[in-house]
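The values are calculated or read from the model by the stated rules, or taken from the named source; none is laboratory data. Predicted, not measured: the structure shown is a model, and the values here were computed from it. Positions of Cβ are backbone-derived with ideal geometry, glycine not excepted, and every protein chain shown enters the neighbour counts.
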Amino acid sequence: MDITVQWIRTSWTKESRGGEAASRRNAAPVGFALSHDAASFAHVIRMDERDGFEPNDSREDLSKVDVQLREADGRLRVLPRVQPLFALPPRQRRPPAVRLIPGQWVRWQLNYRFSSALGIRGWSYWLDTFNIAYGPVNTDVFLSTPTVFIDERGPLR
């Protein structure tokens, strides 16, 4: 069965925590149209503060995406991996994996906060958005409302 993955990473520093830069960051899309070969690779989009949050897209092997995908019994089990615990903002607990049937898709969002090892540099942040569809899809699937939405974002302070 087809599995379509789009991974969007938005990165910023404290410079984009407020004002006009934060408005540009908050206006960044959480879904993009796919290329025609998206079923064989992950569609990866990076948006960074340094580039004014302009999308830069590439293709990655599905195994390099930070998400566990497992097919069983006609369903796709989806569970994003989390980065090292020191990077996570406080969260209650992780939600369980999502099990998609053909024709469904999930949007899962996680955010992170980092400091340099010695605390010399300021904080940096990123937001990962995973759009994952199970079964054949149109190129504009991730521009619509997801079947399942998991918001695992925590406070960034």
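Observations, loosely collected:
- Val106 being surrounded by fewer than 15 Cβ atoms within 10 Å (Cβ to Cβ), modelled with pLDDT of 95 or more and within 15 Å of the chain's Cα centre (by Cα): no
- Hits in region 133-157 - residues which are at pLDDT 90 or above and part of a loop (DSSP other than H, G, I, E, B): Gly135, Pro136, Val137, Asn138, Thr139, Asp140, Ser144, Thr145, Pro146, Thr147
- Some residue of region 61-77 being within 21 Å of Arg113 (Cα to Cα), surrounded by fewer than 17 Cβ atoms within 10 Å (Cβ to Cβ) and in contact with a helix residue (DSSP H, G or I) (Cβ under 8 Å, 6 or more places away or on another chain): no
- Looking across Ala21, Ala33, Ala38, one residue alone is of a type in the set (A, V, I, L, M), surrounded by 12 or more Cβ atoms within 10 Å (Cβ to Cβ), at pLDDT below 90 and in a loop (DSSP other than H, G, I, E, B). It is Ala38.
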